[in-house]
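A short worksheet on the structure shown next.
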Amino acid sequence: MPSPAPCAHGARGAGLALLDLDGDLAHRQAAALGPEAVARGWAADVRDLDSLRSAADDAAAHFGRLDVVVAGAGVGSMAPLETLDPEVWERVVDIDLSGVWRTFRAGLPHVKRHRGYLLAVSSMAAFVHSPLNGPYVAAKAGVWALCDATRLELRHEGVGVGSAHPTFFKTPMMDDVHADPAGATL
């Protein structure tokens, strides 16, 4: 994976906590952005609330606070409902939807203190539903709905909540979609 481009967030005083299943990758990506006062990586799993809480608490202690939490983990699958392995359904929904809930839940105590922001990376698939993509589009539509509901719950606390809905851009997940003949056709 190429190193990320340098960013100016550190010059403005922001710190960036990177979380990934692969803690070594998170550490390398953070190191490419600057010293640990600017960016630092932690291992965390969006399928494990305790893992996320620990990482959020560590990041808040390291940087002194958390103002913004971005829930961006996501996986996909390409299969029709008739042949989709039930374990694939469970995995996609657990990571793409429940993972957002867990990420928000872990970060919320910190974000509330500073009237910060929760952002979930959903997808255009939240409202443009394609065939062979059932668990992904269902999860992403659920993320959109979760953000809308959570925004109403937290408005009185001064916490903002949003969802981003990108289209296609180069990621390992999209590489897998384009490698599948049905995915390439879609």
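The values are calculated or read from the model by the stated rules, or taken from the named source; none is laboratory data. Please read all numbers here as calculations on a predicted model, not as lab measurements. Virtual Cβ from ideal backbone geometry, glycine too; neighbours counted across all protein chains shown. Accessible surface areas use protein heavy atoms only, side chains included; no ligands, DNA or RNA. Shrake-Rupley method; radii C 1.70, N 1.55, O 1.52, S 1.80 Å.
Quick notes
- Between residue 90 and residue 114, the FRET efficiency from the beta-carbon distance, with R0 = 35 Å, is close to 0.50.
- Protection proxy ranking, peptides 29-35, 152-158, average beta carbon neighbours within 10 Å, highest first: 29-35, 152-158
- Percent carbon-and-sulfur accessible area, segment 1-131, ignoring ligands, DNA and RNA, probe 1.4 Å: 55 percent
- Per-pair calculated FRET efficiency, R0 = 41 Å: residue 129 and residue 68 via Cβ, rounded to 0.05: 0.90
- Computed from the C-alpha gyration tensor, the three semi-axes of the ellipsoid equivalent to segment 1-135 are 30, 17, 14 Å, from longest to shortest.
- Ellipsoid semi-axes in whole angstrom, largest first, where each is sqrt(5λ) of the Cα gyration tensor of segment 116-170: 24, 12, 6
- Stretched out straight at 0.36 nm per residue, the stretch from residue 43 to residue 61 would grow longer than its current Cα-Cα span by 4.9 nm.
- For segment 31-104, the equivalent ellipsoid derived from the Cα gyration tensor has semi-axes of 31, 13, 9 Å, listed largest first.
- With DNA, RNA and ligands ignored, accessible area of residue 130 (1.4 Å probe; Å², nearest 10): 40 Å²
- The candidates 66, 118, arranged from most to least accessible area with a 1.4 Å probe in the full protein assembly, appear as 66, 118.
- Rg/Rh, computed from the Cα trace of segment 89-143 with Rh as the Kirkwood radius, has the value 1.08.
- Based on the reciprocal of the average 1/r between different C-alpha atoms, the Kirkwood radius for segment 12-70 equals 11.4 Å.
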